[in-house]
Amino acid sequence: QFDSLDDARTAAVASQADKVLQGDLAEWEKWFESRLHLPLDSYCIDRSTLEEMFQRRHVIVHNDSRVSRLYLRRLSGRADLPELDQILPVPRPYLEDALDALDVLGSLLAFNAWRKLFSGEEAEATQDITRRSYSLMRRGRWAAARKIYQACVDAPPKAEHREIFRANHWLAEKRLGNLAEVRDEIDTWDVSALHPRFAFVRHALLDDLDVAIPLADRLLGQGVIDLGSVEDWPVLQEMREDPRYPE
């Protein structure tokens, strides 16, 4: 059927890819675990919620948004399942959560597959996940950012990047209302051997603005940080809202 061995190989690869894509979440988990030893469940904000999102998508596309028997069977055992034939809506908060869940799964899967398949490109993979996660923070998508930093905190090859991931994970927890749960970790964070900006970030995370604001002024004067980063840095939101900030 093919003009060359390359054409046959391309068709075989496409056929195998289609078989994987047509599977469900559980089958994808088995495939990635057996082929690449990548645990998809650890790349989910919430594995059970993600499963429901995939099943709701199937219902919307294939069953006029009405609950099907397959939907109920796939999600059996969950509390508060809807009735058969009930319309499943997609309100804005649900859609935003779904996009976060898919963004996190895709980003973490790509990051870890990249590192495993191309071990010499770990720095490039880290740069990519750093850019993605920072973009999530800039847009206030804190649950997604928290999961990425949580899953990647020990992954960067350079110690300084690991500290950045650690600080950003704490920031995501703070923005989600969980500062009390991580305050002790921030309090005991040893920044003595790190770049001066880490001490600055530590004070900002703890809302110690009496120290952070004059420290920002000093670091700006020394050229350690620049005005653009101060105006843009998500961790400095409280500082920018302080009446002393314009000065």
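The values are calculated or read from the model by the stated rules, or taken from the named source; none is laboratory data. Since the structure is predicted, the reported quantities are computational estimates derived from the model, not experimental observations. Glycine gets a Cβ as well: all are built from the backbone with ideal geometry, and neighbour counts include every protein chain shown. SASA here: full protein model, heavy atoms, side chains in, ligands and nucleic acids out. Shrake-Rupley method; radii C 1.70, N 1.55, O 1.52, S 1.80 Å.
What is the distance, in nm, between label points placed 7 Å from the Cα along the Cα-to-Cβ direction at Arg57 and at Asp24?
1.5
For the chain, which whole percent of the accessible surface, found with a 1.4 angstrom probe, sits on carbon and sulfur atoms?
Of all accessible area on the chain, carbon and sulfur atoms account for 50 percent.
Please express the Cα-Cα pair-distance distribution P(r) of the stretch 165-213 as a list of whole percents, one per 5 Å bin, running from 0 to the bin with the greatest distance.
Result returned by the calculation: 5, 22, 33, 27, 11, 2.
Would you calculate the separation in nanometres between label points at Glu83 and Ser192, each defined as 7 Å from the Cα along the Cα-to-beta-carbon direction?
6.7
Note the angle between two axes, namely the Cα long axis of helix 196-205 and the longest principal axis of the Cα atoms of the chain, as a number of degrees from 0 to 90, rounded to the nearest 10.
70
Grab the eigenvalues of the alpha-carbon gyration tensor for the stretch 10-54, scale each by 5, take roots, and send me the semi-axes largest first in whole angstrom.
Listed largest to smallest, the semi-axes of the stretch 10-54 are 22, 13, 6 Å.
How much length is gained if the chain between Ser76 and Asp41 is pulled fully straight, taking 0.36 nm per residue apart and subtracting their Cα-Cα distance, in nm to one decimal?
10.7 nm
Averaged per residue, what accessible area in Å² does the chain show with a 1.4 Å probe, protein chains only?
I get 59 Å² per residue for the chain.
Suppose we take every Cα in the stretch 128-247 and form the convex hull; what volume per residue is that in Å³?
113
If eta is 1.306 mPa s and T is 10 °C, what Stokes-Einstein diffusion coefficient results for the stretch 1-96, Kirkwood Rh from Cα pairs, in µm²/s?
100
Once each part is reduced to its C-alpha centroid, what is the distance from the stretch 156-231 to the stretch 47-105 in angstrom?
39
Taking the Cα atoms only, what angle lies between the long axis of helix 159-175 and the longest principal axis of the chain, rounded to 10 degrees?
It is inclined by approximately 80 degrees.
Would you calculate, for the chain, the mean residue ellipticity at 222 nm contributed by helices, counting each DSSP H stretch of 4 or more residues as -39,500 (n - 2.57) and dividing by all residues, to the nearest 500?
Rounded to the nearest 500, it is -21000 deg cm²/dmol.
Go through Val59, Ala113, Pro156 and say which Cα lies farthest out towards the positive end of the charge dipole of the chain; charges sit on Cβ, +1 for Lys and Arg, -1 for Asp and Glu.
The one lying farthest along the dipole's positive direction is Val59.
Along Cα→Cβ, 7 Å out, is where each label goes; now give me the distance between the ones at Ser48 and Lys116 in nm to one decimal.
About 2.6 nm separates the two model spin labels.
Taking just the alpha carbons, could you work out the radius of gyration and Dmax for the chain, both in angstroms?
For the chain, the Cα radius of gyration and maximum Cα-Cα distance read 22.7, 75 Å.
Pairs of alpha-carbon atoms within less than 8 angstrom and 6+ residues apart define the contacts here; what relative contact order does the chain have, in percent?
Here the relative contact order equals 11 percent.
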